[in-house]
Protein chains: 4
Amino acid sequence: MIIVMKTHSSQQQLDHIVNKLESVDFKVHLSQGVHRTIIGVIGEKKDKETMKMKIEAMDGVEKVISILDSYKLTGRDFKPEKSVINIDGIKIGGEEVIVMAGPCSVENEEQIIKTATAVRDAGAKILRGGAYKPRTSPYSFQGLGEKGLKLMALAKQKTGLKIITELMNVEDMEMVCHYADILQIGARNMQNYSLLKAVGKINKPVMLKRGFASTIKEWLLAAEYIMKEGNHQVILCERGIRTFGEKTRNTLDLSSVPLIHKLSHLPIVVDPSHGTGKWKLVTPMARAAVACGADGLIVEVHPQPEDALSDGQQSLTPNNFQNMMYEITKIADVLERKVYCPGVVSNGII
Amino acid sequence: MIIVMKTHSSQQQLDHIVNKLESVDFKVHLSQGVHRTIIGVIGEKKDKETMKMKIEAMDGVEKVISILDSYKLTGRDFKPEKSVINIDGIKIGGEEVIVMAGPCSVENEEQIIKTATAVRDAGAKILRGGAYKPRTSPYSFQGLGEKGLKLMALAKQKTGLKIITELMNVEDMEMVCHYADILQIGARNMQNYSLLKAVGKINKPVMLKRGFASTIKEWLLAAEYIMKEGNHQVILCERGIRTFGEKTRNTLDLSSVPLIHKLSHLPIVVDPSHGTGKWKLVTPMARAAVACGADGLIVEVHPQPEDALSDGQQSLTPNNFQNMMYEITKIADVLERKVYCPGVVSNGII
Amino acid sequence: MIIVMKTHSSQQQLDHIVNKLESVDFKVHLSQGVHRTIIGVIGEKKDKETMKMKIEAMDGVEKVISILDSYKLTGRDFKPEKSVINIDGIKIGGEEVIVMAGPCSVENEEQIIKTATAVRDAGAKILRGGAYKPRTSPYSFQGLGEKGLKLMALAKQKTGLKIITELMNVEDMEMVCHYADILQIGARNMQNYSLLKAVGKINKPVMLKRGFASTIKEWLLAAEYIMKEGNHQVILCERGIRTFGEKTRNTLDLSSVPLIHKLSHLPIVVDPSHGTGKWKLVTPMARAAVACGADGLIVEVHPQPEDALSDGQQSLTPNNFQNMMYEITKIADVLERKVYCPGVVSNGII
Amino acid sequence: MIIVMKTHSSQQQLDHIVNKLESVDFKVHLSQGVHRTIIGVIGEKKDKETMKMKIEAMDGVEKVISILDSYKLTGRDFKPEKSVINIDGIKIGGEEVIVMAGPCSVENEEQIIKTATAVRDAGAKILRGGAYKPRTSPYSFQGLGEKGLKLMALAKQKTGLKIITELMNVEDMEMVCHYADILQIGARNMQNYSLLKAVGKINKPVMLKRGFASTIKEWLLAAEYIMKEGNHQVILCERGIRTFGEKTRNTLDLSSVPLIHKLSHLPIVVDPSHGTGKWKLVTPMARAAVACGADGLIVEVHPQPEDALSDGQQSLTPNNFQNMMYEITKIADVLERKVYCPGVVSNGII
């Protein structure tokens, strides 16, 4: 933490701050610049944020600058090697690029079985599908609830796919855990700390979507909430951020992929469906995501997008999904990673 | 809803869409432009969003444009006159501009009693104070919990102030309701729909803060979630949005005040403390908020900001708060509204 | 400038950086934290930005943090007292809040004379009007050019108002200067450095609009470009920034007003017309601008907004403008500032 | 254009609008919704934007919605097949992915010759280098001016590379054209319409960088300014947009690549150096750019980034650049496009 004093701050103000800091065991390093005094603050306090806020309130202070982000467990310093989340043999964060696919919402048995079969046949390892849907309008379809989870369990039984589904609140946790192999925390709940703490206490992988206006730091600190409670099986998911952009639903921030790999050991998955909101952009952005190092993809697929109860505009048909799988298999090959895509030989030739 | 067809879309594609719409009782209005066919869609369907997504997935469609936002209960069309939320005689949305003030976090008895007394003496009607704190880092102070609520109850007893405090999850609702006169839903939870539905089922005023990257439409739809469940006592709170701005914590979007008044009957309160993140900007922005029509203010006050456990940098001292009250009283006067500020005669002369 | 070394950086990397800095006469201050070495860099070099970029490229460096912004002439440190720009007796930055008003574009003699007379009668001191219009589409009306300037000169002659008009390029500068009392640099040209340097070399007040996605720092550095060439008569103009907001043309960032007053001695004017894009929001936001300390306003007025060749949707009628003037006069009164508004006695009573 | 009337608008207001529209030869299509009247407006007017603004100013109007963007020459409707810009045999927009590389600023002969030789040997076809530099601070290095251009000419002579360099104003155009094979219009000048019109009148390819807060529509309309004057040799360049992101210089919006390909026939190049601001992110994002369909890349390379006079932190060394070329060659191969990379056989095996 660096404290920049005002040009005309007094010695008394300086002393006051230094005493305050030393009284709580920070070491202080004064440095007299041409016009300003700068105070360097050293110490292994966990709650530097609070101290920063206090000092910003003091007289004579121009500003306070944090030097280091305060994540610990999520950081590469804590764990230099990459984490691999193992779901019964499916490894996220390893050599293979794992693809999760399925409808936005579970709608009925035919739809989910048909989709599950199609995505499995094209190489997906995990079935996505929403039973509880966070919708902007209370008048939009809110999901089938437990009935939807049961249909996903049926699809799992028929196809062997693992299941990822969204958990929206603590009350439903036990029930959702009964069906899901991975819990998804949605973008709107990225800073729902009660929920993060709750999923931190169980033994089940959690995929944490980036809030649509969250910084990388806030995202990692949200993951830190989960890990601090004991659950280290966290997967991050980039799904686009909100900008002034007018032609896509969100702006897919792919630079977060290499950035996260630099800062954190956690695996990162990309959602090109929500990231663009337009199915025609999904495949090019899926290629780009794999090209910059994503550990996985989560993609919306619907047998008849024009009949989908949600997100039809950004859903691939099974055919388009199969094409996407072919293409990313070849991109993964360039990076010496693998995608499981039946019918594509591993060196990228169909 | 307006559907814009592609330049080279076929008659068959057009027919398919029209049939789809008519099959669910929408009326359709074709309009043949110079290069494009435009389809106007008329009907009183609640879930137009879903239909929009479906059509965006259809062949031949260039884009689909929503004509009207889908809020009902929050809109001026539903209730032309302004709503007044009455908390035991304190009326938010009426002639008086109501001021809520207090510390970011409740810390101890002395702090909360001292602050409550000071803000009451300066004219505040409602005491703010956090017992459960949503903090970006899990290592930051998380609030005193129920102990904090009890201290607020004590302050209420001693000062006669009403209490507003944040509710972070459904589990704590009964307990928090026991102490609070108004429940606050924080910015991070604006789209925590489980929480919104829960507070929609009780009989207690709710102040809904705008999410830091939420549009006006999303904010009103979040309020709609609460009202749809039956609780119509909703107060909106503008607290700044996230932008590229580098010198303030958020960008206080004051234009939301007259906009909300135009679109909705709900009262709106402004938080210049979080809106700027710098105590020196709080008073000028409080004046501006009242000048553009805010129904109330919520302001952070701490007896010694430099010792605050959170948000010291944006907290006013009791003295500065008193000055703010003087100034906004005179601004309110210009708008023929009142602020309760002991010692200031209503025509603005001290 | 603070350099944060990586956790596992070597002594050699550290030495290399220190040598580099000392070789160009920076003083260096090492501080060994618990996990990291931090290098404080002290020196009165003008081009710290370049040095920062170089060091960020060096091995072993985690990041480099600037301590101080690099503006000099625009800063309060350079000139503690507020600057007043004097245009033949009209003083911007003094006690009076100066109002500039007029149409977006000059269209014809009747329109400009009618508008000029109306805004003068309501208290405006300066006539705004575009002769050269920067329009997003090349197919939109581009302004009357010199013919428009001549019409403004005629209006000046008939009403006594001063003239502000936009300069879009260096080639037109001499001609535009012939007619204008203040040159306006538009938001799109805020970082057109060739233009800034050119207007820095003449003796004519310049109003510099904030770029729609420019930070406060970039804005002040753009002003610095003008002042560095010798022209110190710079007025800043906040006109709204681009955000995700969907219901206003821009988000009017009023907190920039007290911020600029804190950082700089330059006067600041607010444009609530472009800042909102909706005429119904102009008056409330004009009140708010004056309430938080604006030194002036620039407002679009058109005798018949529905016939305007540009910006009709955000233009006030002369009647609405007069009402606005009444209201801001009374707000200014609260701040012990004045607005010239014929018919309003200075203590705010009509 | 669609006009949405207010709920309680009158027949008189409706008639007034309809008459206005019909008086300027628009066709009007009334559609009576459940609560509102909607007016569809049809006509091949070029200046619909102005008409939109006028109508927004009329009584009884809730809002006006544009149906179609107003670009013509840049659109796929105007020219369905992709444009290829041919610079003496180097074709941008064709099968080959063209790489432009070089230093941010030209600094001296040794630097530019060394860099040019290295990038040519690794496969670049065009040398980038700034002689006139738009810098945020007037105290930063502003470029060598014509001396820099002469050094680039020397490098061209020695290496055979074509030259791209930035043009900042109309006055320098003739001189810069004398040296450059492609003129670059920088992000800050994307809406400098005087400059766009000037380069529209010459016969020289122009690369138009996206403004850092410009929408896709504004960007294409800026290109439209150039094309409307007669110069159809326009190359677009995505270089990142401004968001709240805190860890990268900009947010590289790669979805603009497939979007531009859908909307426009113009080729699009990606700048991962400015797009990220960190050299470690350049290669992954270069791979992603090629993977989603970019027609070219522009990359900063410096023999000793730590000595660069600008942008050292985001410059690749010649070695890193060579690695980048290897990797994108293989990605291009997957898309059945080519990159010229000596030493890499076209099927992607080194």
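Looking only at segment B:78-90, decide whether some residue is modelled with pLDDT under 90 and surrounded by fewer than 17 Cβ atoms within 10 Å (Cβ to Cβ). Walk me through how you get there before you give the answer.
So in segment B:78-90, the residues modelled with pLDDT under 90 come out as B:78.
Retained after the next criterion (residues that are surrounded by fewer than 17 Cβ atoms within 10 Å (Cβ to Cβ)): B:78.
Yes - at least one qualifying residue is present in segment B:78-90.
Can you find a residue in segment A:275-298 that is among the small types (Gly, Ala, Ser), under 13 Å from the mean Cα position of the chain (by Cα) and part of a loop (DSSP other than H, G, I, E, B)? If you could, list the steps in order and put the result at the bottom.
Our first condition is that a residue be among the small types (Gly, Ala, Ser); within segment A:275-298, this holds for A:275, A:277, A:286, A:288-289, A:291, A:293-294, A:296.
Going one step further and asking which of them are under 13 Å from the mean Cα position of the chain (by Cα), we end up with A:275, A:294, A:296.
After this cut, where a residue has to be part of a loop (DSSP other than H, G, I, E, B) as well, the list is A:294.
Yes, some residue in segment A:275-298 is among the small types (Gly, Ala, Ser), under 13 Å from the mean Cα position of the chain (by Cα) and part of a loop (DSSP other than H, G, I, E, B).
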Any chance B:LEU183 is open to solvent by less than 20 Å² (accessible area, probe 1.4 Å), out of contact with any Asp or Glu (no Cβ under 9 Å at 6 or more places or on another chain) and part of a strand (DSSP E or B): no
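Among the residues of segment D:337-348, is any aliphatic (A, V, I, L, M), within 25 Å of D:GLY93 (Cα to Cα) and either touching a helix residue (DSSP H, G or I) at 6+ places or on another chain (Cβ under 6 Å) or within 14 Å of chain C (Cβ to nearest Cβ) (or both)?
For segment D:337-348, residues aliphatic (A, V, I, L, M), within 25 Å of D:GLY93 (Cα to Cα) and either touching a helix residue (DSSP H, G or I) at 6+ places or on another chain (Cβ under 6 Å) or within 14 Å of chain C (Cβ to nearest Cβ) (or both): present.
Could you please find all residues in segment A:315-340 being crowded, with 23+ Cβ neighbours inside 10 Å and part of a loop (DSSP other than H, G, I, E, B)?
Within segment A:315-340, A:SER315, A:VAL339 meet the criteria.
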Flag for B:SER9 being away from chain A (no Cβ under 14 Å), more than 17 Å from D:MET1 (Cα to Cα), surrounded by 14 or more Cβ atoms within 10 Å (Cβ to Cβ) and of a type in the set (S, T, N, Q): yes
Selection count, segment C:9-42, where residues are among the small types (Gly, Ala, Ser) and more than 19 Å from C:ALA57 (Cβ to Cβ): 3
Check on A:LEU21, more than 30 Å from A:VAL269 (Cα to Cα) and in contact (Cβ under 8 Å) with a residue 12 or more places away in the chain: yes
Check on A:LYS278, farther than 14 Å from A:PRO103 by Cα, touching a residue at least 12 places away in the same chain (Cβ under 8 Å), within 12 Å of chain B (Cβ to nearest Cβ) and out of contact with any strand residue (DSSP E or B) (no Cβ under 7 Å at 6 or more places or on another chain): yes
Qualifying positions in segment A:226-237 - part of a helix (DSSP H, G or I) and open to solvent by 30 Å² or more (accessible area, probe 1.4 Å): A:LYS228
Number of the condition not met by B:LYS247 [criteria: (1) buried (at least 21 other Cβ atoms within 10 Å of the Cβ); (2) among the charged types (D, E, K, R); (3) not in a helix (DSSP H, G or I)]: (1)
Hey, C:GLU49 farther than 19 Å from A:THR37 by Cβ, assigned to a helix (DSSP H, G or I) and of a type in the set (Asp, Glu) or not: yes
Matching residues in segment B:127-150 - criterion: being part of a loop (DSSP other than H, G, I, E, B) and over 18 Å from A:TYR225 (Cβ atoms): B:GLY129, B:ALA131, B:LEU144
Qualifying positions in segment B:300-314 - more than 7 Å from chain A (Cβ to nearest Cβ) and part of a loop (DSSP other than H, G, I, E, B): B:HIS302, B:PRO303, B:GLN304
Condition check for A:GLY240: in contact with a His (Cβ under 9 Å, 6 or more places away or on another chain), facing another protein chain (nearest Cβ under 8 Å) and either open to solvent by 10 Å² or more (accessible area, probe 1.4 Å) or under 21 Å from D:THR276 (Cα atoms) (or both): no
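Residue by residue, here is whether (1) open to solvent by 10 Å² or more (accessible area, probe 1.4 Å); (2) in contact with a Cys (Cβ under 9 Å, 6 or more places away or on another chain) holds:
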| site | (1), (2) |
| --- | --- |
| C:GLU110 | yes, no |
| C:THR115 | no, no |
| C:PRO134 | yes, no |
| C:SER137 | no, no |
| C:LEU151 | yes, no |
| C:ALA155 | no, no |
| C:LEU167 | no, yes |
| C:VAL170 | yes, no |
| C:TYR179 | yes, no |
Of all residues making up segment C:12-44, the number that are crowded, with 17+ Cβ neighbours inside 10 Å, among the charged types (D, E, K, R) and in a helix (DSSP H, G or I): 1
Residue check, A:LYS262 facing chain D (nearest Cβ under 10 Å), open to solvent by 10 Å² or more (accessible area, probe 1.4 Å), within 19 Å of A:VAL84 (Cβ to Cβ) and not hydrophobic (A, V, I, L, M, F, W, C): yes
Qualifying positions in segment D:88-147 - more than 18 Å from D:ASN320 (Cβ to Cβ), in contact (Cβ under 8 Å) with a residue 40 or more places away in the chain, within 14 Å of chain C (Cβ to nearest Cβ) and of a type outside the set (A, V, I, L, M, F, W, C): D:SER105, D:GLU107, D:GLY130, D:TYR132, D:LYS133, D:PRO134, D:ARG135, D:SER140
The one condition in (1) without any contact (Cβ under 8 Å) to a residue 24 or more places away in the chain; (2) away from chain B (no Cβ under 14 Å) that A:MET53 fails to fulfil: (2)
Test set (1) surrounded by fewer than 24 Cβ atoms within 10 Å (Cβ to Cβ); (2) within 18 Å of the chain's Cα centre (by Cα) - B:MET100 fails condition number: (1)
Boolean, C:ALA124 is in a loop (DSSP other than H, G, I, E, B) and modelled with pLDDT of 95 or more: yes
Residue match in segment C:28-41 (condition: over 20 Å from A:LEU30 (Cα atoms), out of contact with any helix residue (DSSP H, G or I) (no Cβ under 9 Å at 6 or more places or on another chain), among the β-branched types (Val, Ile, Thr) and at the interface with another protein chain (Cβ under 7 Å from one of its Cβ atoms)): no
Residue list for segment B:193-219, restricted to those being open to solvent by less than 10 Å² (accessible area, probe 1.4 Å) and either within 10 Å of chain A (Cβ to nearest Cβ) or on the phi > 0 side of the Ramachandran plot (or both): B:TYR193, B:LEU195, B:LEU196, B:GLY200, B:GLY211, B:ALA213, B:SER214
Within segment B:281-299, tally of residues that are within 14 Å of chain C (Cβ to nearest Cβ) and either closer than 17 Å to B:ILE92 by Cα or charged (D, E, K, R) (or both): 10
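The values are calculated or read from the model by the stated rules, or taken from the named source; none is laboratory data. Quantities reported herein were computed from a predicted structural model and do not represent experimental measurements. Heads up, the Cβs are rebuilt from the backbone with ideal geometry, glycines too, and the neighbour counts pull from every protein chain shown. With ligands, DNA and RNA removed, areas are computed over all heavy atoms of the protein, side chains included. Shrake-Rupley method; radii C 1.70, N 1.55, O 1.52, S 1.80 Å.
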